[in-house]
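**Student:** Could you have a look at this structure, given as structure tokens, before my questions?
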Amino acid sequence: MAVMNACKEIMKRLQPIIDNDLKGTWEEWIKVAYYQRISLSATGFYQTPNIGYSFETNTGHPFNYFTYGVACTEVEVDCLTGDHEVLRTDIVMDLGESLNPTIDIGQVEGAFVQGYGLFTLEEMIYSPTGTLFSRGPGAYKLPGFTDIPQEFNVSLLKGVSNPRAVYSSKAVGEPPLFLASSAFFAIKEAIKAARKDANIHGHFRLDAPATAARIRNSCIDNLTMKISEPDSKQQWNVVP
């Protein structure tokens, strides 16, 4: 809505120029406005109406609308090294009537890869005194182009309008990020299958991010069985 208000404000400034040259083109009107030092930008604030939520009574509408999505991811795990590879990801997003499908699909792809880093790569490592070691790209692993799924399919759900937003569209920036949890849970299922082959059943804990070390230690075999249970409070990769 703030965007619409900004457009109306700019058009209001341009209207005298347009009225003075009704046969002119948009480019010509903008050029005249530029030379006349008429601002071609506008800012504004928008307050979503009819929303509010009470934690005391557990009632209300905290959001104007919701953005939905679903993802399915296939991974391959190397139980000996803890390495993994994303073979395929399929995503379907409900973005209402997309204003620009090309941009929206790019946003979904980018958010997924960002979330993939969150759930599988980006480990925060601290010293015993609380100093953060994983600062900067030299010590903090970020997703790269080789981490993109080998087959990456993204589609937008059709026939789903959203009358609560501009032109029935929906926000797309952050919501697809959580869909990358499908990679994390696929890794956990792969580890579960490996443990089953080793005749180890039952629940097990796998914290995010699913780093190579955590994957390797979760794939219990005759090698890891020779090691005593590590202290969960002590980072294995930090020398005191």
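The values are calculated or read from the model by the stated rules, or taken from the named source; none is laboratory data. Everything quoted here is computed from the prediction, not taken from an experiment. FYI the Cβ positions are ideal-geometry reconstructions off the backbone, even for glycines, and counts take in every protein chain you see. For the accessible areas, the whole protein counts, side chains as well, though only heavy atoms, and no ligand, DNA or RNA atoms are used. Shrake-Rupley method; radii C 1.70, N 1.55, O 1.52, S 1.80 Å.
**Student:** Treating the beta-carbon of each Lys and Arg as +1 and of each Asp and Glu as -1, no other charges, what is the dipole magnitude of the chain about its Cα centre, to the nearest 20 debye?
**Tutor:** Around 520 debye, computed over the chain.
**Student:** Counting only protein heavy atoms and using a 1.4 Å probe, what share of the accessible area of region 123-238 belongs to carbon plus sulfur, as a whole percent?
**Tutor:** Roughly 56 percent, rounded to a whole number.
**Student:** Let me ask you something else. Give me the 1.4 Å probe accessible area per residue for the chain, excluding ligands and nucleic acids, in Å².
**Tutor:** 68 Å²
**Student:** To the nearest 10 square angstrom, what accessible area does C72 show with a 1.4 Å probe?
**Tutor:** Here the accessible area works out near 90 Å².
**Student:** Could you please report the charge total around L118, scoring K, R as +1 and D, E as -1 over all other residues with beta-carbon less than 13 angstrom from its beta-carbon?
**Tutor:** Net charge in that neighbourhood comes out at -4.
**Student:** Next up: Going by amide H atoms built from the backbone, whose H comes under 5 Å of the H on E97, apart from near neighbours?
**Tutor:** N162, S169, K170
**Student:** Now, a different point. What's the center-to-center distance, using Cα atoms, between region 94-140 and region 196-221 in Å?
**Tutor:** About 23 Å separates the Cα centre of region 94-140 from the one of region 196-221.
**Student:** Give the shape of region 6-101 as rounded, prolate or oblate, defined through the alpha-carbon gyration tensor: a ≥ b ≥ c are the square roots of its eigenvalues, a/c under 1.5 means rounded, and otherwise the shape is prolate if a/b is larger than b/c and oblate if not.
**Tutor:** Since a/c reaches 1.5 but b/c is at least a/b, the shape of region 6-101 is classed as oblate.
**Student:** Also: In terms of solvent-accessible area of protein heavy atoms at a 1.4 angstrom probe, what is the ranking of Y35, Y126, highest value first?
**Tutor:** So, going from the largest accessible area down, we get Y35, Y126.
**Student:** Of Y46, Y116, Y68, which has the most accessible area with a 1.4 Å probe, and how do the rest follow in descending order?
**Tutor:** Sorted descending by solvent-accessible area, the residues read Y68, Y46, Y116.
**Student:** Still on this model: Cα-Cα pairs above 25 Å in region 34-157: how many percent?
**Tutor:** 55 percent
**Student:** In addition: Between region 4-38 and region 72-90, what is the C-alpha centre distance in whole Å?
**Tutor:** What the calculation gives is 54 Å, centre to centre.
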